[in-house]
């Protein structure tokens, strides 16, 4: 579906005139429109999108309702009701952006930015309900077909509706990409669904005009199924941020590169990223520093990274400092041997915080092992395999802490 959208927008409607019109609207109604990280600017984008959606969909509702009642077409009438619901969805988007822009309060210390995701979810459920309702109406039309009054006016209204919905889709898609809004992306997808729905109505109308065979109900059923499936997919897509989706691999790589670029940092692990909406990203990570360096010097470096990288990437960054022994040859040798054992199980595994504690009768090897999500072996199986393999090296015992990777990049994408 995404590929078709791209073809539709890029090859048909992404023309200079349409882009110019959208840009004119943005510059007219969104002060400082380029500063999309600014909460107030994002709110203005959302208000503009909602206002355009409400006005254009109410216009389409009235002309389609009139045409549907005159022609007797259930598909056109259902399409009119769909446009009215789209206007309602735009109202939801408007309210959502208003709430999302509210500052943090005692009950919501991380702000209200996730309201955009909730709005996207609400729009998705509305799409599903409309699809189901259209199925019901179409089934009734299939069982009890009626004559349809076909005219050039009817076809003209449908063509106007298709062009308007294409423009709506492009408009919401453009704004949604600029401000990374799930709600506007869902609205753009809904507009494209309407293009297909209205196109199906137009086809059935033309077919009836030439053959007098009523396929109105059947075309309505096809469109209803398409809309319902699209709504279910949107529920999944808009629900992921609410459930807590994995951070973008490019974000992980950039953050890692920036942190390890500082002198005095030799590695990092245990990265966790939490997003509470646009501009409300919180990240915590363990940064490894040489144990033989003055702790005040290392602490100063960590403070600088938190402040500078956090500002550059627009995130709230917290770093835990992990001292690592780097000048003990025996410890380094043991770490390399254990790392080889772990990598022999899977290249997706890694270790950190390695220490060798030597006693009179044996040596304890203390370390953490990082396991990716949905790994084929259980934590216990991995630990037992390592225990057995390390015993082959000598009189060593492992004390292993299992960490689960919450910022995982598959080996194929590294």
* Could you check, for the range 349-360, whether at least one of its residues is under 33 Å from the mean Cα position of the chain (by Cα), part of a loop (DSSP other than H, G, I, E, B), outside the structural domain of residue 289 (by TED's automatic domain parsing) and under 26 Å from residue 326 (Cβ atoms)? => yes
* Looking at (1) within 30 Å of residue 153 (Cβ to Cβ); (2) in a loop (DSSP other than H, G, I, E, B), can you tell me which one residue 89 breaks? -> (2)
* Which members of the range 322-338 meet the condition of being within 21 Å of residue 270 (Cβ to Cβ) and buried (at least 17 other Cβ atoms within 10 Å of the Cβ)? -> 322, 324, 331, 335, 338
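Among the listed residues 229, 235, identify the single one that is buried (at least 16 other Cβ atoms within 10 Å of the Cβ), assigned by TED's automatic domain parsing to the domain that holds residue 144 and at pLDDT 80 or above.
On the way: 229 fails: buried (at least 16 other Cβ atoms within 10 Å of the Cβ).
Exactly one of 229, 235 is buried (at least 16 other Cβ atoms within 10 Å of the Cβ), assigned by TED's automatic domain parsing to the domain that holds residue 144 and at pLDDT 80 or above, namely 235.
Of 89, 124, 85, which residue is modelled with pLDDT under 80, in contact with a helix residue (DSSP H, G or I) (Cβ under 9 Å, 6 or more places away or on another chain) and surrounded by 22 or more Cβ atoms within 10 Å (Cβ to Cβ)?
89
How many of the residues in the range 128-168 are in a loop (DSSP other than H, G, I, E, B) and closer than 19 Å to residue 82 by Cβ? Working first, answer last.
Initial filter on the range 128-168 (in a loop (DSSP other than H, G, I, E, B)): 144-151.
With the extra rule that they be closer than 19 Å to residue 82 by Cβ, the set shrinks to 148.
Matching residues across the range 128-168 total 1.
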* Inside the range 162-177, can you point out the residues that are in contact (Cβ under 8 Å) with a residue 40 or more places away in the chain and farther than 13 Å from residue 192 by Cβ? -> 174, 175
* Structure fact -> Note: among 324, 293, just one is closer than 30 Å to residue 396 by Cβ and in contact with a strand residue (DSSP E or B) (Cβ under 6 Å, 6 or more places away or on another chain), namely 324
* Structure fact -> Of (1) farther than 23 Å from residue 209 by Cα; (2) surrounded by fewer than 17 Cβ atoms within 10 Å (Cβ to Cβ), residue 173 fails just (2)
* Taking residue 156 and the conditions (1) over 17 Å from residue 226 (Cβ atoms); (2) at pLDDT 85 or above; (3) touching a helix residue (DSSP H, G or I) at 6+ places or on another chain (Cβ under 8 Å), which numbered condition does it fall short on, given that it satisfies the others? -> (3)
* Which residues, counting only those in the range 256-283, are in contact (Cβ under 8 Å) with a residue 60 or more places away in the chain and in a helix (DSSP H, G or I)? -> 259
* To do: Test residue 292 against the stated conditions and say whether it is assigned to a loop (DSSP other than H, G, I, E, B) and outside the structural domain of residue 396 (by TED's automatic domain parsing).
  => yes
* To do: Report, by residue number, each residue of the range 205-218 that is surrounded by fewer than 23 Cβ atoms within 10 Å (Cβ to Cβ) and in a helix (DSSP H, G or I).
  => 206, 207, 208, 209, 210, 211, 217, 218
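Would you mind finding the one in 305, 386 that is over 30 Å from residue 281 (Cα atoms), assigned to a helix (DSSP H, G or I) and in contact (Cβ under 8 Å) with a residue 40 or more places away in the chain? Please lay out each step first, then the result.
On the way: 305 fails: over 30 Å from residue 281 (Cα atoms).
The match here is 386.
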* Structure fact -> Per the filter on the range 22-37, residues surrounded by 14 or more Cβ atoms within 10 Å (Cβ to Cβ) and modelled with pLDDT under 85 are 22, 36
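Any idea which residue in the range 339-352 is farthest from residue 262 (Cα to Cα), counting only those that are touching a residue at least 60 places away in the same chain (Cβ under 8 Å) and touching a strand residue (DSSP E or B) at 6+ places or on another chain (Cβ under 9 Å)?
The first filter runs over the range 339-352 and keeps only residues touching a residue at least 60 places away in the same chain (Cβ under 8 Å), leaving 347-348, 350, 352.
Next, only the ones that are touching a strand residue (DSSP E or B) at 6+ places or on another chain (Cβ under 9 Å) stay: 348, 350, 352.
Working: 348: 26, 350: 22, 352: 19 Å.
Once the filter is applied, the top-ranked residue is 348.
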* Yes or no: residue 246 within 19 Å of the chain's Cα centre (by Cα) and in a helix (DSSP H, G or I)? -> no
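The values are calculated or read from the model by the stated rules, or taken from the named source; none is laboratory data. Predicted model only: the values in this text are computed from it and were never measured. Here Cβ is always computed from backbone atoms with ideal geometry, including for glycine, and neighbour counts include all displayed protein chains.
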